[in-house]
Amino acid sequence: MSRLQPLLRRTIPVIALGAASVLLLSACSVFFPGGTTPPSADSASPTGTATTSATPTETATATSAPPTQTAVPIALACDQLWTSDQVYSFNPNFGPNPSYATAAGSLAAQVITASGVACGWASQSDGGRVEIAVAKPSPDDYTLYSGQAAEKSRVVPTYGTDAGTTGYFSADTGTAQVFTNGYWIVVDSNMFQEPGDAEEIVADVEKNLP
């Protein structure tokens, strides 16, 4: 036997052991659960589904809306607005005008639009006429109509004695307007030439308002 044979006997087991180790490592890689190599230390850990805790939100507190400003309907008949006794006192020849109607665009027509009432009286002898209209408009409209009267008419301090009462008169149309306690009063006549001509009727109407 040559010197080479003992050396080969010692080398072959070492090679076989090394080969077996390589096969074992390969088997570990192949049969790792999931069929993949284990994640390295640098691999990111699986992220679970994030659960967001809802932050309680404040429930909006409903605030009551301011009440709507509307006109107050006038529930007065013509003979309550200006009574028969008051009509007779003003002029015995006057009576209700059966053909009365508000003219388009007139103050009386605006009064009707503001939930008011308008009535007409006529003389049975001389063609005189009287028109009375009363409304209790919304506060905003009350201010609007009062401002319009101030622009187009002259102030009359004798139309009413209640605090806050403001009166106006226009000689061009023979129209008196009074704003008192939320009421808008319009008294119109083809016989009115001066503010004093309307004072009696204005005072009568003011007395008859609720």
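The values are calculated or read from the model by the stated rules, or taken from the named source; none is laboratory data. What you see is a predicted model; the values in this text were computed from it and never measured. Neighbour counts are summed over all protein chains in view; Cβ atoms, including those assigned to glycine, are modelled from backbone coordinates with ideal geometry.
Output the residue which, of all residues in segment 60-81 that are in a loop (DSSP other than H, G, I, E, B) and touching a Pro at 6+ places or on another chain (Cβ under 7 Å), is modelled with the highest pLDDT. Walk me through it before giving the result.
Going residue by residue through segment 60-81, those that are in a loop (DSSP other than H, G, I, E, B) are 60-71, 73-77.
From the residues that got through so far, the ones that are touching a Pro at 6+ places or on another chain (Cβ under 7 Å) too are 69, 71.
Working: 69: 80, 71: 92.
Filtering first and then ranking leaves 71.
Residues in segment 150-164 that are modelled with pLDDT of 95 or more and farther than 20 Å from residue 191 by Cα were compared, and the one that is surrounded by the fewest Cβ atoms within 10 Å (Cβ to Cβ) is 151. Consider segment 128-179 and keep the residues that are part of a loop (DSSP other than H, G, I, E, B) and among the aliphatic types (A, V, I, L, M). The one that is farthest from the chain's Cα centre (by Cα) is 171.
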